[in-house]
């Protein structure tokens, strides 16, 4: 990747109108410098694949955007629909319409599927009633009285996404949603993400299965050692063998 290309991508991220704008964010775990000046834009309704090798800073970037506090944002700005997320606490960012579904899904033990959903649901629900969620995830409707932690891995992933929707979100951040799931379940989740996209929800997808993520996504950002090395269309990555080999090992 040439310096000229990197500068062009950085300038695009800084200047293009966007629904979610990440501008020059820097973050640390303790003294470890993890996110090193990351910038990119995501337009409303897009699916963005955030890719890179293990340790590239993908999860840390998601957590920094969501203002989790670990890693700690030390510089930069994150704007969602004209709202400054970088000035908010994590619960305030959540209230602004941002939801992070972590890799471990965080299903609450001792609560049924429906109780997990009701706990997250805003009152009164604006766009995602329980009925609408069950229509999108029929399997959850069938198991609504079952304890959430006893579901299969794929069903727990569906529940984690459904729980995020119950908060009437604008942006969904997904960290490794396909991890440990059978291909047939991944197919189901991808169909669901396409439906969510059609509803206008913006998604950032971190996924080690880069090919699947790229086939689903509109655009891709590739990180290497905490910095952006590519920002463009998903199709560009699929067609660029040298780029995939250098930064994604595929």
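The values are calculated or read from the model by the stated rules, or taken from the named source; none is laboratory data. What you see is a predicted model, and the numbers here were worked out from it, not measured in a lab. Methodologically, a virtual Cβ is constructed for each residue, glycine included, from the backbone with ideal geometry; neighbour enumeration extends over all protein chains shown.
A compact table of results
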read-out	value
Flag if residue 140 is buried (at least 18 other Cβ atoms within 10 Å of the Cβ) and in a strand (DSSP E or B)	no
Boolean, residue 43 is closer than 23 Å to residue 203 by Cβ and at pLDDT 95 or above	yes
Evaluation of residue 206 against (1) under 20 Å from residue 64 (Cα atoms); (2) touching a strand residue (DSSP E or B) at 6+ places or on another chain (Cβ under 7 Å); (3) surrounded by fewer than 20 Cβ atoms within 10 Å (Cβ to Cβ) (one fails), failing number	(3)
All positions within the range 97-115 that are farther than 21 Å from residue 178 by Cα, outside any strand (DSSP E or B) and either without any contact (Cβ under 8 Å) to a residue 60 or more places away in the chain or more than 20 Å from the chain's Cα centre (by Cα) (or both)	109, 110, 111, 114, 115
Residue check, residue 100 at pLDDT 95 or above, closer than 21 Å to residue 197 by Cα and out of contact with any strand residue (DSSP E or B) (no Cβ under 6 Å at 6 or more places or on another chain)	no
Tally, over the range 15-28, of residues that are exposed (fewer than 14 other Cβ atoms within 10 Å of the Cβ) and either at pLDDT 95 or above or more than 20 Å from the chain's Cα centre (by Cα) (or both)	2
Close pairs from the range 41-57: first on the phi > 0 side of the Ramachandran plot and in contact (Cβ under 8 Å) with a residue 24 or more places away in the chain, partner buried (at least 24 other Cβ atoms within 10 Å of the Cβ) and in a strand (DSSP E or B), Cβ under 7 Å, at least 6 apart	45/202; 52/222; 52/223; 57/35; 57/223
